[in-house]
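Contents: one structure, followed by commentary.
What follows draws every value from the coordinates through simple rules; no lab data is involved. None of these values were measured; they are calculated from a predicted model. Glycine also receives a Cβ, built like all others from the backbone with ideal geometry; neighbour counts cover every protein chain displayed.
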Amino acid sequence: MRQEARTINAQEIKKDFPLLQRKFYDKQLVYLDSASTTQKPSVVIESLKEFYEKYNANVHRGIYKLSEEATQLYESAREKIAKFVGARPEELIFAKSCTEAINLLAYSLELKEGDEILISEMEHHSNFVPWQQIAKEKKAKLRFVKVDEEGKLDLESLKAQLNEKTKIVSITHVSNVLGTINPIKEIADIVHKNSSAVFIVDAAQSVGHMKINVKDLDADFLAFSGHKMLGPVGIGCLYGKAELLQKMKPFLYGGDMIKEVTFEKTEFNDLPWKFEAGTQPIAEAIALAKAIEYLEQIEMDTVEEHDRILTQYALEKLRELGAKIYGPNERAPVISFNLEGIHSHDIATILDGEAIAVRGGHHCCMPLMSVLGISGAARVSFYIYNTKEDVDALIEGIKKVKKVFE
Ligand code: C6P
């Protein structure tokens, strides 16, 4: 039997986030843009400070104690993060961001003329442009899984487009516009049954919001960013099945990714370091592990339940105001909407005057915008520190927006 998830005291959690204490225009900040980047708890900020005060040295290089300590912290962070997504440490590669991790794949998974890449109409530019560009370069074909009226992936369209030429399928777990939670395990089964393609999951919007296990999902690769899950900017992760990573060429060449270099040739390092050329974001990796410890204390089931309650509350209130909402009802804590006759930038600007931070525009999903037949939308997104009072403030703010345009 599924245990009831505990509830979050978001008001208490907010106290752990120094930035959320800020005021703008003499009003308390209401931060509703966590899909863009989350705020950071003190433990994460302290971790960065502590690293530079006590442990700063390059890793894997120094023979001295300080460097050994830095290396130990860095590799322990990898173990922690890998375990959090159900991976082995050697399968967890540090990158700068989710975007860089996907670019690594676009470069290192070698394609040839006539190969096919399948993504979906709801992809963020980070999981769109790299494939579009590599397809152009290699004379491969880029195809798109359709999004249905409700904002869900059309799995028939997925099935219909898989064939022996499909070499890569790359799909987002959660849409940063529609909030849609794609059925990744089901998609993995369809992909693996109907093609020999590798299956990549863009998990930028999911890892910080739900329990993820890469083995249960049967993803071949999974990419995410630390800054969307309480961690610092500048650290991202790529999970990959070891047997696939072993066959791939490195993305970047340089220090630390080698075993031996002669004037004639280079022998590459073992996993995961083969994909980590040059000095890595060491303090950031360690701080991301701290962010994960913080999330684990709350428990991911509880995070998910809090997201759900707040999102359903906001959906109901927004509908009462006549907002046009994009995406399905059951969703992650992301709501994009429009108000008739009002530009999304105007919505965001007027809300900013109330110290309410929301995003407006195309959300780095221009192809999806064209499918929806809009140029942009306002978007609110929630996390563990958001309260029902934050949603109430948003609703009052939107009433003011509507008044301005009456
Ligand atoms: N979406 C948003 O406001 P980076 O920038 O590399 O950390 O993450 C890229 C990325 C990839 N996939 C999805 C589904 C995303 O939502 C994002 C980032 C932010 O929606 C910034 S545009």
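What percent of all Cα-Cα pairs in the chain falls in each 10 Å bin, counting up from 0?
In whole percents, the pair-distance histogram is 5, 22, 30, 25, 14, 4, 0, 0.
Rounded to the nearest 0.05, what FRET efficiency is calculated for Lys317 and Ile374 with R0 set to 22 Å and r the Cβ-Cβ distance?
0.55
Using the Cα atoms as the points, what is the convex hull volume per residue of segment 167-221 in Å³? Write down the numbers at each step before the final one.
Values: hull volume 4.0 nm³, N = 55.
Given the Cα convex hull of segment 167-221, per-residue volume reads 73 Å³.
Report the FRET efficiency, 1/(1 + (r/R0)^6), for Lys265 and Glu243, where r is their Cβ-Cβ distance and R0 is 25 Å, rounded to 0.05.
It comes out at approximately 0.55.
Run the paramagnetic zone check for Tyr25: 7 angstrom along Cα to Cβ, then residues of segment 353-396 with backbone nitrogen under 11 Å.
Correct set: 353-357.
Return the subset of Lys139/Lys265; Lys141/Lys211; Lys14/Lys402 for which the Cα-Cα distance in this structure is over 32 Å, preserving the input order. Each step should come with its number before you reach the end.
Numbers: Lys139/Lys265 30 Å; Lys141/Lys211 34 Å; Lys14/Lys402 29 Å.
Beyond 32 Å between Cα atoms: Lys141/Lys211.
At what distance in nm do the modelled label points of Asp148 and Ile298 sit from each other, each positioned 7 Å from its Cα along Cα→Cβ?
Modelled inter-label distance: 3.2 nm.
Scan segment 262-317 for chymotrypsin sites (Phe, Trp or Tyr not before Pro) in coil per DSSP, keeping those whose Cβ has at most 14 other Cβ atoms within 10 Å, and list them by number.
Phe263
Any chance you could run the full-extension gain for Asn329 through Glu110? It's 0.36 nm times the residue separation minus the Cα-Cα distance, nm to one decimal.
Numbers: separation 219, 0.36 × 219 = 78.84 nm, distance 3.88 nm.
That pair, Asn329 and Glu110, stretches by 75.0 nm at full extension.
Based on alpha-carbon centroids, what's the gap between segment 80-121 and segment 378-401 in Å, whole number please?
With segment 80-121 and segment 378-401 each reduced to a Cα centre, they are spaced 34 Å.
Taking 0.36 nm per residue of sequence separation and subtracting the Cα-Cα distance, how much length would be gained by fully extending the chain between Lys400 and Thr349, in nm to one decimal?
17.2 nm
Please work out how much length the chain gains when fully extended from Glu12 to Met366, using 0.36 nm per residue of separation minus the C-alpha to C-alpha distance, in nm with one decimal.
So the chain would gain 123.7 nm between Glu12 and Met366.
What's the center-to-center distance, using Cα atoms, between segment 251-323 and segment 172-210 in Å?
What the calculation gives is 16 Å, centre to centre.
Once both labels are modelled 7 Å past Cα along the beta-carbon direction, what's the Ser76-Ile63 spacing in nm?
2.5 nm
Output the pairs from Lys165/Lys249; Lys165/Lys185; Lys152/Lys399 with a Cα-Cα distance over 25 Å in this structure; if there are none, say none.
Values: Lys165/Lys249 21 Å; Lys165/Lys185 22 Å; Lys152/Lys399 30 Å.
Result: Lys152/Lys399 exceed 25 Å.
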